[in-house]
Structure formats: structure tokens, C-alpha cells
Amino acid sequence: MRMYDIILKKRKGIELTKEEIEFFVNGYTNGEIPDYQASALLMAIFFNKMSKEETKNLTMAMVNSGDKIDLSSIKGVKVDKHSTGGVGDKTSICLTPLVASLGVPVAKMSGRGLGHTGGTIDKLESFKGFSVELTEEEFIKNSNEVGVCIVGQSANLVPADKKLYALRDVTATVEDISLIASSIMSKKIASGADAIVLDVKVGEGAFMKTPEQAKELAREMVDIGNSLGRKTIAVISDMDQPLGNAVGNALEVKEAIELLKGNGPKDLLELTLTLGSNMLVCANKASSFEEGKALLEENIKNGKGLEKLKEFVKAQGGDASYIDDLDKFPKAKHIVEVRALEDGVISKIHAEQVGIIAMKIGAGRETKESIIDLAVGIVFNKKRGDKVKKGDVLAYIHSNNENNIEEAKSELLKNVIISDTLGKETPLIYDIVK
Ligand code: URA
């Protein structure tokens, strides 16, 4: 078999066989196939697309490129949750203990933030002492004993994706449905859960800009998961404005804790209940979405979700007293108000730009090597649809550097759009794909 022939075949739009896809993935992962040939094939895939069968074979070839996590010694139906990435998305931090408090084990590998999107692993490190690097034995033990464990992705999990993703990033081949679906699903399959609930983000702050594209990606991922024996459901949710009010690591963790105390922002609560009830249905702990939602609401009200969060933080070496005393979280030196310059209604908050502003003041990484400041970020006081008067506080900037505040303030004012009318209303949940 020759890589040249595989590129030519795809360039002509002919379907690749399982063996050809495996030849490419294995050869590229072990360094036998050079970047220039892999780039040519990615571009041919980008233009000529892959069939469902090819996408499934690509996913499995990527799963088989590295370690697979065996979760069989964890009792019960293990359910994983994955978001395609957004701004202010702290859902995993409140959702996973809440679901675990109802007896569904969650053994989850998460990522760090890069660019304008945040990562759960960074956020959890806002708890002093919290460890995201556990051995596989500790990961299994905590998942069994506590019911929830979140760690960083192990080094040899889907090495093919690490190389291919980096190459896609520099060859303008990221936004292809088959390539995104195989990249995400290979990591979910290799992580070993029995069922997967996906949160596919749509809107300006997401990879998928339109509900149609998001639905196509969701359908592809759900079909891959189900065809490989993992029950998979995708929720399509809005990323046209940041989720909740807080953007920035410790600020987002505090908001997730507030949700478990019964004081969560409306959109974060609705998304948590939607994803959570689907996780409960997948794990056979609820027979319907409505029943699942009622169970979750009950465990917010009676404090069991919050108790589970404390157990989870403590089991991973974190200081769980932060949960009762939010003042213990890292705090920024300067908290500056951003006030409306005119009367009107907020018609848009540009999510991606908000993520970039937060990154620039230190909440995110510009490159993999950047060091983040856990204390800083933005907290919104108004969201889309809110009426405002000139002088009302739109948001607070939390910063540790006086010199970046004015620029952040003027950038934020450019990206919170005040109009005469709201315009078209967009829903938080667009669709659920099963
Ligand atoms: N997230 C991934 O893990 N892979 C992609 O291709 C896109 C988003």
C-alpha cells in the first residue's frame, strides 16, 4: 500500500477502505508518513468528504493508536459528558457531582483551555491542592468510592489525534464534520464510558456557526457512538453569548457552586438539567427526561449535589472548605465596573470576543506554554434580552494588572451590543439528537 495512492483515491472522491484508513493513521502516528502527505489527504477529505463508514473506520483507527481506559471495574453504567467547547462553560463542575449524587458514576477525562475557550481541568485547579493527575488505579478507586472523578487526559490516549489535530490547526482543515466527529469520538471511546452525552455548541463562539451545521455534527457523532455500542445522545445548545455570568477560572467555579446551592443563573441551570436528565436516562436511573429533571432539582434543593462536590474535591486532594467559604478562592486585586454608554436592550454579547478579552487579561492561554491567572476574568451583570439604562453596570472586570483594564473595558463595550430592540430570540437548547 502507498500513501500516494490513498491521497489520489480521495482526491478523486472515491471511498477509502478500512485498511487504507488504518494504514494512514498508523503510519502517520508512528512517523513513517510525513506531514506533507498527511496534509494533502486531510485537504482531499475536506473537499470530498467522508462517508459514515469511513468516519467510523477513522474513529476506530484513532482509538487503536494508543491506550484504552478499562472502566469495567467501576460498578454501574458509566456516563461521560463532553462539550465541543465554549465561553463560560463551567457545566461539568456542577453537573458531574449532581449526577453522581443520584448514583451514576462519572469517570471523566477533561482538557485544559486553549485560545478563547476554557478547560475544566484549569478551573478545578482553583481549589487549593486539587490534583488532576491520578494513577489509573486512583481514577478507578475514586470513581467507585465517590462516584465522580475528573482527571487530565492521559498522555497516550489517542496519540493519532494529538498529531492530526495539530496538523489540522495549521492546514485550515479543522472545520470538517468527519474530522471533528472522529477527533472527539475517538477520545470518548478510548476513555471507556458506556454512554456519552454530548453538548454540541452552536453560534458565534463555537466551531459550528449554524444550527444546521451543529445538527449535522451531532448526528455524525451520535451515529458513531451508537454504532460502536456506546449509547450516545447530543444536546445542541447556544453559544451566541457566554454561558452563565462568569468567564474565568475561579469565578466560574464559584458560579457552579452557587448553582448547587440553588442560586445558579437560569441558562446554566437549564443546560445542567437538560444534560443531566439525559445522562440519567442513559444510565437507566430515570425513565424520562421529566423524571430525570425532577430528581436533579430535588438533589439541588436537599444539598446532596453540593455534598457530592465536597466529597469529590476532597478525594482529589482539594480544599473543600472553599465551597462553604467562597472568599477562599483566588481573588483579583482590581474589580472594575463596565457601565452602559446608552439606553436600550442588550441584543448581543459576542462570545468569542469575550473569551479573547478574558484570555488577554490572563484567564486563558494564548499558547500551550502560557501560565494562566486563576483569579481573573469577567462577570456579567446583564445578559442578552436585558433592558439597560445609560450608566447601568453591564459587567465587572476582575484583573491583577492595572495596565490591561482600560483596554479590556473598551473592548468589552464594543462587544456588548445595545440596540433599540432585541431582534430575533434564540433558544438555549436547539435540539436533542438521539
Ligand atoms: N475538539 C476536538 O477534540 N477535536 C476537534 O476536531 C474539534 C474540537
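The values are calculated or read from the model by the stated rules, or taken from the named source; none is laboratory data. Computed from a predicted structure; not experimentally measured. Here the Cβ is made from the backbone with ideal geometry for all residues, glycine too, and neighbour counts use every protein chain on show. Please note that ligands, DNA and RNA were not included when accessible areas were found on the heavy atoms of the full protein model with its side chains. Shrake-Rupley method; radii C 1.70, N 1.55, O 1.52, S 1.80 Å.
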G152, sole failed condition from (1) modelled with pLDDT of 90 or more; (2) within 16 Å of the ligand (Cβ to nearest atom); (3) surrounded by 21 or more Cβ atoms within 10 Å (Cβ to Cβ): (3)
Residue within the range 174-195 that is more than 16 Å from the ligand (Cβ to nearest atom) and either farther than 30 Å from L306 by Cα or outside any loop (DSSP other than H, G, I, E, B) (or both) present: yes
Selection from the range 81-114 of residues that are in a loop (DSSP other than H, G, I, E, B) and within 24 Å of M221 (Cα to Cα): T84, G85, G86, V87, G88, D89, K90, V104, P105, G111, R112, G113
Criterion violated by F130 - all others in (1) more than 16 Å from the ligand (Cβ to nearest atom); (2) buried (at least 24 other Cβ atoms within 10 Å of the Cβ); (3) not small (G, A, S) satisfied: (2)
Residue tally, condition closer than 17 Å to V146 by Cβ, among the small types (G, A, S) and crowded, with 20+ Cβ neighbours inside 10 Å, over the range 276-318: 4
All positions within the range 215-264 that are part of a loop (DSSP other than H, G, I, E, B), open to solvent by 30 Å² or more (accessible area, probe 1.4 Å) and touching a strand residue (DSSP E or B) at 6+ places or on another chain (Cβ under 6 Å): R230, N245
Failed item in (1) within 16 Å of the ligand (Cβ to nearest atom); (2) over 19 Å from S237 (Cβ atoms); (3) polar (S, T, N, Q), with T120 passing the rest: (2)
Condition check for G115: within 21 Å of A190 (Cα to Cα) and open to solvent by 10 Å² or more (accessible area, probe 1.4 Å): no
Residues located in the range 325-362, provided they are more than 27 Å from the chain's Cα centre (by Cα), of a type in the set (A, V, I, L, M) and open to solvent by less than 80 Å² (accessible area, probe 1.4 Å): V336, V338, A340, V345
Those residues of the range 200-209 which are more than 12 Å from the ligand (Cβ to nearest atom) and either among the acidic types (D, E) or modelled with pLDDT of 95 or more (or both), in sequence order: V202, E204
